[in-house]
Amino acid sequence: MNNASQRPSAHAHHHRTASLLRVRDGHEARVSFVELFFDLIYVFAVTQLSHNLLEKLTPEGALQTLVLWFAVWLAWQYTAWVTNWFDPEALPIRTMLFGIMLVGLVMAAALPQAFGERGLVFAVTYAAIQVGRTAIVLASLARGHALAPNFRRMLGWLSISAVLWLAGGLLPQYRLGLWIAAVACEYVSPMTGFWLPGLGRSRTDDWTIEGGHLAERCQLFVIVALGETLLMTGATLAHAHDWETPVLIAFVVTFLGAVAMWWMYFDTSSKDGSEAIVESDDPGRIGAWFHYVHVVIVAGVILSAVGNELVIAHPDQRIDALHAAVLILGPALYVLGNGVYKQIVYRRFPLSHVAGLVLLAALAPLSFLTDLLMVSGLSTAVLVLVAGWEACSRRAVHIAYLDEHAADF
């Protein structure tokens, strides 16, 4: 009798799990409006990071901002995977996303003082997002569901990292080291399949992901970051006391840099990136690589946004080592990230991107001979060159493909 009474409950749990999962009907899942709404929190978070770096433009400040950026990215990334498996239009998942947004807004507000008086607030809110979301999903899954073991392992690793985040929040003198270890736990553990003693490891070919959706989520985050670049560019111009010629030239140069960044990513590879996951024999592995490489791409955009504000505010200022690092490293990270992304998609690192990295490296020692505006102009010229070269190269390949297969149409 006891078994009979349990069967309907188990069946109901299985039915509830099935109703929360995305429907896999062969059609590409689109990003929902609730996911776009969710991303607005990260517009604020990226803005906070940019201003934080600008105000703490020292090697230590840069390292602190890097740790916080990884945290922001990981909170977004883990949620993106959950909404890839689970339907964000289902009421429980939508409610969970709204809860993450509320806590995430507090987390983002604490970012500028995360290594100061609000360290514990940041740690508690971040750990609550990571552990809470995973625990809710695990509770929603039927015990025998294929995804349940993966989320158990994930919860184990996120709980370990949560201890490190909270310890860092409580111990300011050890905060940086503890938080670097926490980031490493969350960033590296997927590479090992979230292996834990007694729980085993997950395999990427078990991750039945919706490839087009995951690629589109990454693409939208790049748009969020590029939007922050334009926001900082416009805001800095608005606050400039005198709209003199150097300031207006700096404004045009930084805008062209943002356009070149968009062109390099969206004109040549974003659609192919979606197809690369969909057509892969192991879409879970490709999806994981997408997340690993996009953290570098978006870091390049954030650093470039900081450089833009410096240039518009002080176009004729002589350059020092930190300014040179920001103005050259931002575009270099972006070109490098895009090159690795295209290596994943096309199985080759584009020659245009190699040339761009060489030119930016050559610009580094020359930058100390001039001012901020000239270095910004030259690094933007490199971005325009790389974007244009890659666009022409990709179109030539496409035309050759069409000519080769003309008889098939």
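The values are calculated or read from the model by the stated rules, or taken from the named source; none is laboratory data. Just so it is clear, the structure is predicted and the values come from calculations on it, not from any experiment. Here Cβ is always computed from backbone atoms with ideal geometry, including for glycine, and neighbour counts include all displayed protein chains. To get the accessible areas, we keep the full protein, side chains included, count just its heavy atoms, and leave off ligands, DNA and RNA. Shrake-Rupley method; radii C 1.70, N 1.55, O 1.52, S 1.80 Å.
For the chain, the relative contact order comes to 16 percent (Cα pairs under 8 Å, sequence separation of at least 6). Helices of the chain meeting both criteria, an alpha-carbon length of 20 angstrom or more along the long axis and an average Kyte-Doolittle score not below 1.6, with helices taken as full DSSP H segments, are 91-110, 245-262, 351-366. Pairwise inverse Cα distances across region 68-113, averaged and inverted, put the Kirkwood hydrodynamic radius at 11.4 Å.
In terms of packing, defined here as the mean over residues of other Cβ atoms within 10 angstrom, the peptides 374-383, 188-197 line up highest first as 374-383, 188-197. Taking 0.36 nm per residue of separation and subtracting the current Cα-Cα distance, fully stretching the chain between V252 and F98 would add 51.6 nm.
The calculated P(r) of region 73-152, using every Cα pair and 10 Å bins from 0, goes 18, 47, 25, 9, 1 in percent. Computed on protein heavy atoms with a 1.4 Å probe, the accessible areas place W389, W69 in the order W389, W69, largest first. Surface exposure of the chain, expressed per residue as accessible area with a 1.4 Å probe, stands at 45 Å². Extension gain, R203-L40: 0.36 nm per intervening residue step, less the Cα-Cα distance, totals 55.5 nm.
Remark: the chain carries a charge dipole of roughly 1440 debye about the Cα centre, counting +1 on each Lys and Arg Cβ and -1 on each Asp and Glu Cβ. Mean silhouette area of region 243-299, derived from the convex hull of its C-alpha atoms and averaged over all directions, reads 4.7 nm². When the solvent-accessible area of region 214-296 is split by element, carbon and sulfur atoms take up 68 percent of it, the probe being 1.4 Å. Taking all protein chains together and a 1.4 Å probe, the residues C185, C218, C392 rank C392, C185, C218 from largest to smallest accessible area.
Heavy-atom surface analysis with a 1.4 Å probe gives region 58-133 a carbon and sulfur content of 72 percent of its accessible area. What is the spin-label model distance, in nm, from A321 to A139 if the labels are put 7 Å beyond Cα along the C-beta direction? It is 5.1 nm.
Basic side chains Lys and Arg get +1 at the Cβ, acidic Asp and Glu get -1 at the Cβ, and with that the dipole of region 135-293 about its Cα centre reaches some 880 debye. Highest mobility in the GNM of the chain, judged by mean-square fluctuation with C-alpha springs under 10 Å and restricted to R30, R285, R133, is found for R30.
Above 25 Å, the calculated P(r) of the chain contains 61 percent of its Cα-Cα pairs.
I want to verify the translational diffusion coefficient of region 170-327 in µm²/s; compute it with Stokes-Einstein, Rh as the Kirkwood radius over Cα pairs, at 37 °C and 0.692 mPa s. Value of D from the Cα-based Kirkwood radius: 177 µm²/s.
Of the three principal axes defined by the Cα atoms of region 42-196, the extents in descending order read 50, 32, 24 Å.
Using heavy atoms of the protein chains and a probe of 1.4 Å, the accessible area assigned to K271 is about 140 Å². Identify, among V67, G156, Y42, the residue whose Cα sits farthest towards the positive end of the charge dipole of the chain, taking +1 on the Cβ of Lys and Arg and -1 on the Cβ of Asp and Glu, with the dipole about the Cα centre. Highest projection toward the positive end goes to G156. Taking every Cα-Cα distance in region 119-204 and sorting them into 10 Å bins starting at zero, the pair-distance distribution P(r) comes out as 19, 45, 28, 8, 0 percent.
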